[in-house]
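Below: the structure, in structure tokens.
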Amino acid sequence: MVSRHRIAPRQFLATLPLFADLSSEQLDMLAQATTELHVPRGRVVVERGESCSGMHAVIYGDVKLSIVSSEGDEKVVELIGPGQSFGEAPLFMERPYMTQAETLADSMLLHISKHAIYAQIERNPGFSRRLLASMSRRLHGLISDVESYTLRSGSQRIVSYLLKDDPAQGAEVTLAARKKMIASRLSLSPEYFSRVLHDMAHRGMVGIAGRSITILDIERLRAYEG
């Protein structure tokens with residue numbers, strides 16, 4: 001079972017960008033409505049169709065948001081890391097979760113009650129703007145995904161993923177999850193994803209060591225067409 005208990009310190013909340021500018025009093029109010037979750041790797045945090053009672057924030061670890069078909073096929077929608085959150089959309093729409101959330105590593109999450117979030121929105125315009133900005137970034141990312149899936153080749157999607165944080169020549173890029181999950185995130189087969197990575201390595205554009213990808217020739221990588 002996932003361990004759950006009330007947290008006393010508000011420092012956890014203060015580390016999250018969404019809550020960084022709240023006053024001590026406001027953080028105290030949120031902390032009273034926050035539950036700390038220690039979730040082992042591979043556990044489902046929320047099921048698709050489950051009612052939403054608040055939002056989750058990741059302190060450490062990683063969470064996969066996905067849709068699983070009745071046949072067991074999985075589509076990874078988003079990977080959530082430390083400092084990020086999920087559950088805002090079903091919270092405000094007052095609808096069930098559309099995705100399943102599962103931990104990819106031993107994780108510490110904070111569950112913040114929707115009533116506490118609503119209270120902060122009513123009292124703090126700055127918090128509302130940050131929340132809107134966060135959701136807008138997520139929407140922009142999803143639109144970029146749709147553009148990538150429909151207008152870019154598979155190899156171009158992989159290049160875009162490797163260069164999404166604008167790494168420099170010689171930089172090391174760490175894959176956020178296993179290659180199978182990254183492939184699903186990019187709407188590619190795991191075999192194709194691995195084949196393209198190894199072709200890039202064979203051509204001297206990248207170096208591969210497990211989940212670590214070293215950018216060896218960034219200009220040729222940008223121009224790679226597979």
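Here are the numbers for this structure:
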item: Per residue accessible area of segment 1-101, 1.4 Å probe, in Å²; result: 53
item: Residue-averaged [θ]222 nm for the chain, counting only DSSP H segments that reach four residues, each worth -39500 (n - 2.57); result: -11500 deg cm²/dmol
item: Nitroxide proxy distance, nm - points 7 Å out along Cα→Cβ at A14 and R129; result: 2.3
item: With eigenvalues of the C-alpha gyration tensor scaled by 5 and rooted, the chain, Å; result: 35, 19, 17
item: Low-density loop positions, GluC sites (Glu not before Pro), segment 1-91 - DSSP coil, at most 14 other Cβ in 10 Å; result: E47, E50, E71
item: 1.4 Å probe accessible area per residue over segment 169-226, in Å²; result: 53
item: Loop trypsin sites (Lys or Arg not before Pro), segment 28-134, which have at most 16 other Cβ atoms in a 10 Å radius of their Cβ (DSSP); result: R41, R43, R48
item: Carbon and sulfur %, accessible surface of segment 90-203 computed with the full protein complex present, 1.4 Å; result: 56
item: Rough spin-label spacing in nm, given labels placed 7 Å along Cα→Cβ, for Q32 and S136; result: 3.2
item: Contact order relative to length of segment 76-198, as percent, for alpha carbon pairs under 8 angstrom and 6 or more apart; result: 26
item: For segment 131-178: rounded, prolate or oblate by the Cα gyration tensor [a/c cutoff 1.5]; result: oblate
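The values are calculated or read from the model by the stated rules, or taken from the named source; none is laboratory data. On a predicted model such as this, the values are computed, not experimentally measured, just so you know. Here the Cβ is made from the backbone with ideal geometry for all residues, glycine too, and neighbour counts use every protein chain on show. These accessible areas exclude ligands, DNA and RNA; they are computed on the full protein's heavy atoms, side chains included. Shrake-Rupley method; radii C 1.70, N 1.55, O 1.52, S 1.80 Å.
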